[in-house]
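What follows is a set of notes on a single structure, which appears directly below.
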Amino acid sequence: HSMQEVQDSLNKLKFASGKSLTRLVITALENARLQIEAQAMRFVGAKLPPIKEESPAIADRFMNNLYTYFDELTSLSVKDAEIEPDDYDNLSLVDHDYLEAMIAMEGMVKNIREQQEIKGFKSLMTRLEAMFPSYRIDESTNPLDPEQVGDCFNEAIRPVGLKAHYLLTIYREFNKAVFQNYEEVIAEANDVLVDNGILPNLDITAEERARRKKQRDELRAYLAEEQ
């Protein structure tokens with residue numbers, strides 16, 4: 001694949017994944033807003049956080065943050081600054097609400113990593129490695145790693161300056177809308193790359209191998225019974 005073909009494939013992946021993930025983020029914000037409004041109805045004169053008003057801007061920032069990670073794959077310039085704050089210490093004390101949200105996100109990322117292998121994720125990594133042989137693709141450089149997607153969301157929501165209990169409702173909904181549908185996002189990502197000729201036979205061979213092994217095992221079991 002020429003560099004131009006790789007760039008085209010990456011752009012297609014970037015826009016397809018960006019669209020899917022941003023749609024899920026908008027769903028999460030909408031679900032969180034409904035929940036927060038329902039809770040607030042119990043209190044007279046409760047002031048609602050501006051989730052509805054801010055949603056388009058949050059979604060926009062999220063998408064642009066995600067695009068930045070994709071662009072880093074092809075711009076060989078040294079990364080100026082990570083999107084995420086380097087460490088928790090440099091967050092001002094005032095920002096402890098946001099800190100709580102970041103810690104919640106860390107837990108959610110850890111959870112999605114541990115619960116099971118995300119179907120198709122290894123294949124996606126292998127395809128990205130094939131596209132960028134000289135670039136190390138790992139958890140911190142794969143734009144579609146849950147950690148990157150989580151960071152994109154953290155940084156998109158941060159400027160709104162919400163209180164912790166609102167943030168945690170939003171983050172819970174993010175987990176449900178985005179991370180619980182992650183396999184679909186990854187499946188789509190793989191499809192986009194397959195359509196662009198990036199290792200189209202990668203998964204078929206694995207499935208085919210498994211199928212043949214099963215046939216052999218069944219045959220063996222059958223022959224053993226015949227003895």
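The values are calculated or read from the model by the stated rules, or taken from the named source; none is laboratory data. Keep in mind that what you see is a predicted model, and the values were worked out from it rather than measured. Here the Cβ is made from the backbone with ideal geometry for all residues, glycine too, and neighbour counts use every protein chain on show. Note: areas computed on protein heavy atoms with side chains; ligands, DNA, RNA excluded. Shrake-Rupley method; radii C 1.70, N 1.55, O 1.52, S 1.80 Å.
Within region 182-209, which residues are polar (S, T, N, Q), open to solvent by 50 Å² or more (accessible area, probe 1.4 Å) and part of a helix (DSSP H, G or I)? Don't jump to the end; show me each part of the working.
Step one: list which residues in region 182-209 are polar (S, T, N, Q), which gives 190, 196, 201, 205.
Keeping just the survivors that are open to solvent by 50 Å² or more (accessible area, probe 1.4 Å) gives 201, 205.
If the condition is that a residue be polar (S, T, N, Q), open to solvent by 50 Å² or more (accessible area, probe 1.4 Å) and part of a helix (DSSP H, G or I), then Thr205 is the only one that fits.
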Residue among Tyr182, Tyr166 that is more than 10 Å from the chain's Cα centre (by Cα) and touching a residue at least 60 places away in the same chain (Cβ under 8 Å)
Tyr166
Take region 111-125 and flag every residue that is crowded, with 17+ Cβ neighbours inside 10 Å and not hydrophobic (A, V, I, L, M, F, W, C).
Gly120, Ser123
Pro143: passes all of (1) touching a Ser or Thr at 6+ places or on another chain (Cβ under 8 Å); (2) surrounded by fewer than 16 Cβ atoms within 10 Å (Cβ to Cβ) but (2)
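In this structure, does Arg220 turn out to be modelled with pLDDT of 90 or more, of a type in the set (Lys, Arg), out of contact with any Asp or Glu (no Cβ under 9 Å at 6 or more places or on another chain) and at negative phi? Walk me through it before giving the result.
Working: modelled with pLDDT of 90 or more: no; of a type in the set (Lys, Arg): yes; out of contact with any Asp or Glu (no Cβ under 9 Å at 6 or more places or on another chain): yes; at negative phi: yes.
So Arg220 does not fit the description; no.
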Exception for Pro200 within (1) over 28 Å from Lys52 (Cβ atoms); (2) touching a residue at least 24 places away in the same chain (Cβ under 8 Å); (3) touching a helix residue (DSSP H, G or I) at 6+ places or on another chain (Cβ under 6 Å) falls at (2)
Which residues, counting only those in region 26-77, are among the aromatic types (Phe, Trp, Tyr) and open to solvent by 60 Å² or more (accessible area, probe 1.4 Å)?
Phe43
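Yes/no per residue for (1) in a helix (DSSP H, G or I); (2) of a type in the set (Val, Ile, Thr):
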position	(1), (2)
Met105	yes, no
Ile112	yes, yes
Asp138	no, no
Asn142	no, no
Glu147	yes, no
Ala156	yes, no
His165	yes, no
Ile170	yes, yes
So which of Asp151, Asp217 ends up being open to solvent by less than 30 Å² (accessible area, probe 1.4 Å), over 19 Å from Glu30 (Cβ atoms) and in a helix (DSSP H, G or I)?
Asp151
